[in-house]
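Values in this text are rule-based calculations from the coordinates and carry no lab data. In this text, all values refer to a predicted model and were calculated from it rather than measured experimentally. Glycine gets a Cβ as well: all are built from the backbone with ideal geometry, and neighbour counts include every protein chain shown.
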Ligand SMILES: Nc1ncnc2c1ncn2[C@@H]1O[C@H](COP(=O)(O)OP(=O)(O)OP(=O)(O)O)[C@@H](O)[C@H]1O
Ligand SMILES: [Mg+2]
């Protein structure tokens, strides 16, 4: 197997990416139509060929061609480019597994609400501080039930598998606000109602397909193959990206799972997995400072787990500096500088390369042709190579969207399909809380009936003054209990300090995703 992969050829010579340094992350940037996806495909197919697994979001569906060999004869541009830089095209497909949140263009990918954790769920729901507080309380209650419940049913009440489970626990909180308030801090009904509306919207957007079981197994992204190749996992993202918060939360969840589950390997010969995060600007667009810091932390730490993260976006300015500085392998396609902010982006992109006396980087970035890029990677010693104006090589696989029929055949033939095909719906919060609420309601109704009968009976006896006897069951407390906790007394929503403590307890992973409990 090779020790490096080919990117293309510059006047200085061939430009490569050292597999040993591929876990030092990367950036593929450039304006629309400048060749980013083709570059990604060139890298992905060679990673697979050299035993590195790949996970990539396929935003437009045009990466799927990687599963088919380059047709004979190849398209004119590919032939011309190959000739121009003196590479031979050897038509070849790579092993691909297709995934799709909506289950149409690949095996369904799911995770549970519990696995997402309160921080990412808050981000998916674009929650306000108060709503994030309420979510944290909901997760904490669920967590307490899961860990401290006496019976299976008591424990499983805390299982938040899908959105219905989350809604059920929120309903529980508002139905039992006194009790919950005493233990966890008061959550106002308005906050719960607002969250319920957001959840409904999320469901209407089709996100309920995504939450549930079977949860995506990381090992299924990295199954060893008899031919020693890596597998390319493509996540159909055309539709998913229409819900940008869900899209980025899912990729973040996956990143944090990888970080948490994979063993420490230091600097391996080649990464175990390379993760391409396309449309990366979506991740950072409305991200809080806190989330950015966490992403930076995951990116920094995941390297020693043998995972390389490659962000793909139009301009490097889309990526916060602290994250950008972690990306050692840079491929910069053309940027246009029409507006002052474009010009700023060009300057920023240029500044991110090590100076090269022979190249005016600012000028070059604007002059680059399609399929041409400024390239600087980390060499075997970890030092950045001088930036070189590079003609990117064509891939050996088909460029553009795979024929739908071929794709469906591949999905049907893949042995992973069986396990993920149908959603497993275990008894969880929704069912158990629903059952118990119903039982409580019937008990209350029976009690009310009993009281009514007792009243009628005493009336019939024409008692001059009907006082409830000791044996008369007490009416369910309607009136609000006396405020007990200082938080309740103050009548405020959950105090920030309390939320922080709860959040800390739940934050087992960097992104607050609890450890797997399956
Ligand atoms: N390495 C290359 N050599 C020659 N031509 C290329 C190369 N890469 C891309 N092209 C040409 O540019 C076209 C667009 O490339 P590609 O789809 O990769 O652009 P993109 O930057 O991903 O665009 P978008 O932002 O719209 O997704 C290709 O179909 C091909 O004709
Ligand atoms: Mg593209």
Go from 0 up to the bin containing the longest alpha carbon distance in segment 249-354, width 10 Å each, and give me the % of pairs per bin.
13, 45, 31, 10, 1
Between the alpha carbon centres of segment 151-188 and segment 375-436 the gap in Å comes to 35
Per 0.36 nm of contour for each residue apart, how much would the distance between residue 2 and residue 197 grow if the chain were fully extended, relative to their Cα-Cα spacing?
64.9 nm
Mean Cα-pair separation over length for the chain, i.e. relative contact order, pairs under 8 Å, 6 or more apart, %:
30
Quote the FRET efficiency, to the nearest 0.05, computed for residue 190 versus residue 424 with a Förster distance R0 of 51 Å and r equal to the Cβ-Cβ distance.
0.90
Virtual spin-label span in nm between residue 72 and residue 301, 7 Å along Cα→Cβ:
5.1
Please compute P(r) over all alpha-carbon pairs of segment 371-445, binned at 5 Å starting from zero, and give each bin as a whole-number percent.
3, 10, 8, 8, 8, 7, 7, 10, 10, 7, 6, 5, 4, 4, 3, 1
In deg cm²/dmol, rounded to 500, what helix-only [θ] at 222 nm does the chain give when every DSSP H run of at least 4 residues adds -39500 (n - 2.57) and the total is split over its residues?
-13000 deg cm²/dmol
Sticking with the crude label model, points 7 Å out along Cα→Cβ, report the distance from residue 290 to residue 88 in nm, one decimal please.
5.8
Between residue 11 and residue 227, what is the label-point separation in nm under the 7 Å Cα-to-beta-carbon projection?
4.0
Given 4 °C and 1.567 mPa s, how large is the Stokes-Einstein diffusion coefficient of segment 298-339 in µm²/s, with Rh as the Kirkwood radius over Cα pairs?
109
Taking a ≥ b ≥ c as the square roots of the Cα gyration tensor eigenvalues, with a/c under 1.5 meaning rounded and otherwise prolate when a/b beats b/c, else oblate, which class fits segment 114-199?
oblate
First measure r as the distance between the Cβ atoms of residue 436 and residue 204, then evaluate 1/(1 + (r/R0)^6) with R0 = 30 Å and state the FRET efficiency to the nearest 0.05.
0.65
Folded to 0 to 90 degrees: helix 113-124 orientation relative to the chain principal axis, Cα:
80
Between the alpha-carbon centers of segment 93-134 and segment 319-335, tell me the distance in whole angstrom.
26
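If you wrap segment 191-303's Cα atoms in a convex hull and average its projection over all directions, what's the area in nm²?
The Cα convex hull of segment 191-303, projected and averaged over all directions, gives 9.2 nm².
Determine, for 121, 204, 255, 222, the number of other Cβ atoms within 10 Å of each Cβ, and report the residues in order from fewest to most.
Going from sparsest to densest Cβ surroundings: 204, 222, 255, 121.
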Using the alpha-carbon atoms, what tilt in degrees (0 to 90, nearest 10) does helix 340-351 show relative to the longest principal axis of the chain?
70
Work out Dmax and Rg for segment 64-113 from the C-alpha atoms and quote the Rg first, both in angstrom.
16.7, 52
With only alpha-carbon atoms counted, please give the Rg and Dmax of the chain, in Å.
28.2, 109
Give or take rounding to whole Å, what are the principal axis extents of the alpha carbon atoms in segment 126-274, in descending order?
61, 38, 27
Let me know the whole percent of all Cα-Cα pairs from segment 82-139 that are separated by more than 17 Å.
64
Efficiency of FRET from Cβ geometry, residue 242 and residue 452, R₀ 60 Å, rounded to 0.05
0.65
What three numbers, in Å, describe the spread of the alpha carbons of segment 237-294 along their principal axes, ordered from the longest?
36, 27, 17
Once the Cα gyration tensor of segment 31-77 is found, what semi-axes does its equivalent ellipsoid get, as square roots of 5 times the eigenvalues, in whole Å, sorted largest first?
18, 16, 10
Can you tell me the mean projection area, over all orientations, of the convex hull of segment 1-111's alpha carbons? Units nm², please.
8.8
Counting other C-beta atoms within 10 Å, which of 325, 352 has the fewest, and how do the rest follow?
325, 352
With Cα coordinates, the longest principal axis of the chain makes an angle with the long axis of helix 129-148, in degrees rounded to 10, of 80
Packing-based exposure ordering (other Cβ within 10 Å, fewest first) of 385, 39, 147:
147, 385, 39
Using alpha carbon centers only, segment 353-367 is separated from segment 292-312 by a whole-angstrom value of 27
